[in-house]
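Working notes, structure below.
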Amino acid sequence: MPNTLPKKVVTQGLAKVATQRLNDTHSGYESEVTEWEGHHSLVITPSQSKMLLPSGDDPAWGEVRGPVVCDLELKIYAIPVELMSKLLGVEYSDEDGVSMSSDASSLYVGLAVTVKETRDGAKTQNKTIAYKTCWDLPEISNKTVSEDDTAVADLTIKGKAYPVFYTKADGSQGNKTLSIFNSVKQKAKWEANATSIQFPSETSAITPAE
């Protein structure tokens, strides 16, 4: 029996963007989640190295795949100035605002974006998590700012998403770069990532966040 596709699927722009800083060993997240709502857009371009393993007359008897790495482009239409240091390798203080200098170190953060979806009248949400991202400094445009000078409009930044490594239930090492899941079809995972980004793990069951 052929698969039946839904009649209409409508997705709305990124309703929420959240970041959470990785710890020094990149084995978990160490800080509270920082999130902001508004209109955003995100382009993810995954890539993966592949090596063929020949055997006899078969040039493609097997295949070894490398970890997935993604090019990222995030457009943020309004981000408060004080939150830029939660995503980029910049410094922020209430006295000086944002500072870009060699004193600022590279920042690795998990990134979670949420999109609203309407499928045949039923409303759900999809979430994409990039577990380890690092972002380039943005091009700064002063053509549009909010009236209170706390937000910059139309800020486009580029970066990379890399894999994180974790221990599987059988003791072997696994890696994961991206997860995409739905609020209804993957309800347990959705609830577990409701208030924070959950680092990949197979050593314990997923438990919903309180």
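Once label points are set 7 Å from the Cα along Cα→Cβ at both LEU137 and GLN173, what is their separation, rounded to one decimal in nm?
If labels sit at LEU137 and GLN173, their model points lie 3.4 nm apart.
Considering amide H positions built from the backbone, and no H for Pro or chain starts, which residues 5 or more places from TYR108, or on another chain, come under 5 Å of its amide H?
LEU22
Once you order the gyration tensor axes a ≥ b ≥ c over the Cα atoms, which shape class does the stretch 60-136 get: rounded for a/c under 1.5, otherwise prolate or oblate by comparing a/b with b/c?
Oblate.
With a probe of 1.4 Å, find how much accessible area the stretch 14-132 has per residue, and write the answer as a whole number in Å².
57 Å²
With a/c under 1.5 counting as rounded, go ahead and sort the stretch 36-95 into rounded, prolate or oblate using the C-alpha gyration tensor (a ≥ b ≥ c being the square roots of the eigenvalues; past the cut-off, prolate if a/b is larger than b/c, else oblate).
prolate
Work out how much length SER99 to LYS75 would gain on full extension: take 0.36 nm times their residue separation and subtract the Cα-Cα distance, in nm to one decimal.
Computed gain between SER99 and LYS75 is 6.6 nm.
Which entries in the list LYS75/LYS123; LYS132/LYS185; LYS116/LYS185; LYS86/LYS187; LYS116/LYS187; LYS127/LYS185 go over 23 Å, if you measure between the two C-alpha atoms of each?
Long pairs (Cα-Cα over 23 Å): LYS75/LYS123; LYS132/LYS185; LYS86/LYS187.
Please list, in order along the stretch 109-115, the HN-Hα scalar couplings obtained from phi with the Karplus expression 6.51 cos²θ - 1.76 cosθ + 1.60 (θ = phi - 60°), rounded to whole Hz, x for Gly and Pro.
9, x, 10, 10, 10, 10, 10
Say R0 is 30 Å: what FRET efficiency, to the nearest 0.05, do LYS16 and THR156 get from their beta-carbon distance?
Once rounded, the FRET efficiency stands at 0.95.
The values are calculated or read from the model by the stated rules, or taken from the named source; none is laboratory data. Computed from a predicted structure; not experimentally measured. Here the Cβ is made from the backbone with ideal geometry for all residues, glycine too, and neighbour counts use every protein chain on show. Surface areas here come from the heavy atoms of the whole protein model, side chains and all, with no ligands, DNA or RNA. Shrake-Rupley method; radii C 1.70, N 1.55, O 1.52, S 1.80 Å.
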